[in-house]
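First comes the structure, then the notes that go with it.
Values in this text are rule-based calculations from the coordinates and carry no lab data. Remember, predicted model here, so these are calculated numbers, not experimental data. Cβ placement follows ideal geometry from the backbone for every residue including glycine, while neighbour counts extend to all protein chains displayed.
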Amino acid sequence: EKKGGPVVNTQQLVGDDLKDLKNNIRNLLGSGHPMLDTVSKYYFQADGKHIRPLIILLVAQATSLAPKKVHVSIKDSYEEIDTPISELNDFYIPTMGDNGNNTGSKSTSQAVASSTSGGINPIYAPRINHADQAFILPSQRRLGEIVEMIHTASLLHDDVIDGADKRRNLLSANESFGNKMAVLGGDFLLARASIALARLRNHEVTELISTVIANLVEGEFMQLRNGQVENGRNRDGKMTTFEYYMEKTYMKTASLISKSCRSSAVLGGASDEVSDIAYTYGKNIGLAFQLVDDMLDFTVSSAEFGKPVGADLKLGLATAPVLFAWEEYPELGKLIKRNFDQQGDVEMAWDLVLKSQGLAQTRKLAQIHCQRAIAAISQLPDSLAKTALIQLTEKVLDRKK
Ligand code: FPP
Ligand code: MG
Ligand code: MG
């Protein structure tokens, strides 16, 4: 399956940016309360894949050489985001004459003054790839951090909802600290991500990323009502069960990746056409990514996956492999409808899925979305990052964890 020349080393392209990611996030997260500090940083100690920031950084590079709508200089991009983070840790102390606008951070003018007087913090220094002149702006690097924080917040909440006991081969946060602290830790991540987002001073990106947060909740909410099917249609609406599943998949996974890719392009000043390309790439790789995730729930061991497998059926969820298998084995319908909640349902559904073409069909659908992602990104001018994005897409189908 190797096409398009030699494999691009993404480590060489964006490794330095990714290396700073966890440290930068820790700096965005400090809390005066030691326990809140611990809970909100907890999932960042494990070796996450950081697939979302990786994609954001590669899209930044790949779109940096494409047509622009506005010119964004590295200096502009730097000044907007660099408010010293330690300010966030000050407790709110009302003072005489306080007009209620004190959020515990410096005003923009003060922040800009301090950043210009001190010169560029090496953490935000631009890194230009000398092979093809592609580059990443500090704001795009910060976007990667914001998105990883939102993703992690959703995992903290998700593990509470799913009652998960493991995550990334660690005890889950809810298991370690209890549900209440896990939920609040997630809320805190969202709040700090929102502050960092506001500091990008880009209304379009604020709107995109805020919509992502809403979509994550909508996707999770759709999933709560997943099993409510009647004659192959979802009781809630006019969608077929499969359409409902794909909509849910967009909301819970692909919205974040697609709107992050668009945001990365927008921060770079990309033309509307280029932003659309970034969006289409992200949407399709996101859909493929989740379809493969739902397939792996049936095909890999929990030690390999780092989280429980067969989990979806046990949660009462009918994902793509089951919905495809249902076409071959109509008896699955009643199990899906009752959310696999009777003795032996999970085992029976498991066996039927493995006997059916469901897993192969899921893979085929994921492959179609991978092809669409590649078709979109191929329209950008050639760069190492573009090749890396194509190769990343080709690997989605083969991933094991
Ligand atoms: C993982 O799914 C979960 C998500 C992709 C999104 C979860 C969203 C919420 C809980 C809504 C709240 C959102 C925010 C932003 C706080 P999964 O359970 O299929 O995956 P897993 O196997 O990794 O647990
Ligand atoms: Mg889960
Ligand atoms: Mg879940």
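Taking the dipole about the Cα centre of the range 323-381, with the C-beta of Lys and Arg at +1 and of Asp and Glu at -1, give me whichever of Trp350, Gln361, Gln371 is farthest to the positive side.
Gln371
Rank the residues Trp326, Trp350 as a footprinting-exposure proxy: fewest other Cβ atoms within 10 Å of their Cβ go first. Show your work: numbers first, answer last.
On the way: Trp326 24, Trp350 17.
Least crowded to most crowded, the residues run Trp350, Trp326.
List Leu267, Leu224, Leu380 from most exposed to least, where exposure is judged by having the fewest other Cβ atoms within 10 Å.
Lowest count first: Leu224, Leu380, Leu267.
So which of Lys259/Lys386; Lys69/Lys395; Lys180/Lys337; Lys248/Lys314; Lys180/Lys283 end up more than 25 Å apart, counting from Cα to Cα? Please list the in-between numbers first.
Details: Lys259/Lys386 18 Å; Lys69/Lys395 32 Å; Lys180/Lys337 31 Å; Lys248/Lys314 19 Å; Lys180/Lys283 33 Å.
Over 25 Å Cα-Cα: Lys69/Lys395; Lys180/Lys337; Lys180/Lys283.
Grab the beta carbon distance between Glu331 and Glu243, set R0 = 35 Å, and tell me the FRET efficiency rounded to 0.05.
On the way: r = 22 Å, r/R0 = 0.64.
Efficiency, rounded to the nearest 0.05: 0.95.
How big is the range 264-401 in terms of Cα radius of gyration and Dmax, in angstroms?
Using the Cα atoms of the range 264-401, the pair Rg, Dmax is 18.0, 56 Å.
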